[in-house]
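The values are calculated or read from the model by the stated rules, or taken from the named source; none is laboratory data. Worth saying up front: this structure is predicted, and the values here are computed from it rather than measured. Note that we place each Cβ from the backbone using ideal geometry, even for glycine, and neighbour counts take in every protein chain shown. With ligands, DNA and RNA removed, areas are computed over all heavy atoms of the protein, side chains included. Shrake-Rupley method; radii C 1.70, N 1.55, O 1.52, S 1.80 Å.
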Amino acid sequence: MGRTKKQRLLAPGSTAKRRRSMIPTATAVATNESMAWASLPEDLVLQVAWHVLAGDFLGYVRFRAVCSNWRSATVSPRGRGVVDQRFHPRRWVMLPEGHGLHPGHGKLRGWVRFFNLDTGTCVRVRLDLFKYHCALDSVDGLLLLQRDNDTAIRLLHPFTGDIADLPPLATLHPQVDPLLIGGSDEKHRWTYLQSVHATSCTISAAGVITVMLALNNMKRVAIATSHDQQWTLSSWRLPDCSKQLSFKGKLYVVSNNSFIAGPKIFEIDPPQDGILLPPKLIATCQVDRHASPIFLVESNSEVLVVRYTSDPGPPIVVYRLSDIVLGRFIPLKSIGDNAIFLGITTLSVSTKALPLVRNTVVHNRADVQSQPSCYVAQCHLSSETLSLAFDDCDINGCAPSPYSLTRLIFTCCSTWLWNKGLIHSPKSYPRSFNWKVKGKFCYGELSDTSLAGVEA
């Protein structure tokens, strides 16, 4: 009796069954591909890993998590997060929460948000040590912390948990000039010691960490190493009305009070053999058509000089510092796919992280007519025009959370808000100088014009 077509197809040794058995399954293909990737030579895996690390620290962490072979072929960042500068999370910033929810606030349960200025990635990290620390600044993605009970300064890698210990900030107390406003009062001294506007960090081949703090309210630079027992103040003063920037282990300072002879830009090298040399003049800016203040910002691994203009024309101009050093004053027409944020500190953000803002400078613009003193504008460099960076609710300080990402990043440029869980708005300024908690240890920061008669 003849067999059906189905029986013939399923019979042992049939052509169809042999053909079907030769087709690899998706699982088998994936397994073979995984084995091929995992069997890459170790030296090639290591080279690719260093390339990934140059782009983003967390990308390197994810790379090592692919398989055990890749993990064993690469260097673990844990234990090296601070002392090895390759592992510094350079383009990561800590985001403020608002509503006074400072890092370490009980309602946050130890969680802190971090944002990548290049990719826009946002992650939450649990950092329980904020229960007994406060943040003063950040450098190359490392957090500069002050411990509550003894004022010890510490550098924290937020993703590995590695910590480097530095001397207590209280060792600078005897060095505060009592002739400064409030300098003879113990509580007011902290308004000088905690006014960190820029932090630089260098690491020797032996693993010794050297930190420089630009204490803007004191007009001094404090230095210490991980082997020192106390901080030391510079014998010289920073220029008045100056802005500071940390870049590749050095401090750069621009003086905003020399408009007769032209604003000057200085470079401060790390101390050599414990000696901190005075600032070195590297450039003098042009006088005409420009107004105060002048800002320094790192963007795409170079330093840019940002200036207001007082004459009709572009409201803001941007130069490369390297051009000014050579005597060339050529304004940039574009800063690429980036936006610059100006404040006490400065930030450069990629449009991948902040798609709505491109080739712009976000800044306070107090001299715009019919606008409040905390009016925040964005200057479009290509069209040379100004527009609001925030909407009316943001300007008036009544915007409910969640806050706009532009506003959060702008707040990161104001350390007296950023470290207290406050968000930039006109309503935040009357209380921005005071800590609502930890008053015994953290007295906040006061501006030069607000030192007299302000209780912290």
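For the reader, a short list of remarks on this structure follows.
- Per atom type, the range 147-209 shows carbon and sulfur on 53% of its accessible surface, probed at 1.4 Å.
- For ASP185 and ILE330, the difference between the fully extended length at 0.36 nm per residue and the C-alpha to C-alpha distance is 47.4 nm.
- Checking the cross-link pairs LYS280/LYS352; LYS243/LYS333; LYS107/LYS243 against a 26 Å limit on the alpha carbon distance flags LYS280/LYS352; LYS107/LYS243 as lying beyond it.
- Relative contact order (percent, whole number), the range 56-170, Cα cutoff 8 Å, 6+ residue spacing: 21 percent
- For the range 141-228, alpha-carbon Rg relative to the globular expectation (2.2 N^0.38 Å, N residues): 1.13
- Distance from the C-alpha centroid of the range 40-81 to that of the range 135-182: 31 Å, rounded to the whole angstrom.
- The range 64-157, accessible area per residue, ligands and nucleic acids excluded (1.4 Å, Å²): 42 Å²
- Note on LYS333: accessible area is roughly 150 Å² with a 1.4 Å probe, heavy atoms of protein only.
- Accessible area per residue for the range 192-322, computed on protein heavy atoms with a 1.4 Å probe, is 39 Å².
- Mean separation of Cα pairs under 8 Å and 6 or more residues apart, divided by the residue count, gives the range 123-205 a relative contact order of 21 percent.
- Sequence ranges 148-156, 319-327, ranked by mean other-Cβ count within 10 angstrom, highest first: 148-156, 319-327
- Of the whole protein surface, CYS413 contributes about 0 Å² of accessible area at a 1.4 Å probe radius.
- In Å², nearest 10: area of LYS250 left accessible to a 1.4 Å probe: 60 Å²
- Heavy-atom accessible surface of the range 40-128: percent carbon and sulfur, 1.4 Å: 52 percent
- Convex hull projection area averaged over all views, the range 208-349, Cα basis, nm²: 9.3 nm²
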